[in-house]
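Worksheet for the structure shown next.
The values are calculated or read from the model by the stated rules, or taken from the named source; none is laboratory data. A quick note: this is a predicted structure, and the numbers were derived from the prediction, not measured. Glycine gets a Cβ as well: all are built from the backbone with ideal geometry, and neighbour counts include every protein chain shown.
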Amino acid sequence: MDNCIFCAIGAKQSPAELEYEDSEIVAFDDIDPKAPVHILIVPKKHISSVTELTEADALLIGKMILVANSLAQKKEISEDGFRLVFNAGKHSGQIVDHIHLHLLGGKTLGDIV
């Protein structure tokens, strides 16, 4: 997708210090963190929103959650707990039109849900 910052990061056309990378996914720190640990898990495949997911994306989404779990363990936030968030659309706070999973932790996050 033209002008998509997350596509550019996944393609190594835009710099980011990666916490994780494989052939399908990259993960990196959020530039505006809301918690001591705030990592974005992003598929390299461009999908604008969770509303555009299909059955063909089920394994990719599952893998994103497994990567988040692994990163939570690496960052030592698994024991105390962490939050995983997908935003969908402008009213949810989605700023970049490329699906991404937020991993948040390292402090008490409060009651949002």
Can you run down the residue pairs with Cβ atoms below 8 Å, 6 or more apart or on separate chains, where the first is in segment 65-86 and acidic (Asp, Glu) and the partner is surrounded by 12 or more Cβ atoms within 10 Å (Cβ to Cβ) and at pLDDT 95 or above? Asp80/Gly105
Among (1) within 13 Å of the chain's Cα centre (by Cα); (2) closer than 21 Å to Glu21 by Cα; (3) surrounded by 14 or more Cβ atoms within 10 Å (Cβ to Cβ) - the single one Asn87 does not satisfy: (2)
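Quick test for you: out of Ile65, Ile47, Ile25, pick the one residue that is within 15 Å of the chain's Cα centre (by Cα), modelled with pLDDT of 95 or more and either acidic (Asp, Glu) or under 19 Å from Leu109 (Cβ atoms) (or both).
Ile65
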Of everything in segment 10-21 that's closer than 17 Å to Ile99 by Cβ and in contact with a helix residue (DSSP H, G or I) (Cβ under 8 Å, 6 or more places away or on another chain), which residue is surrounded by the fewest Cβ atoms within 10 Å (Cβ to Cβ)? Tyr20
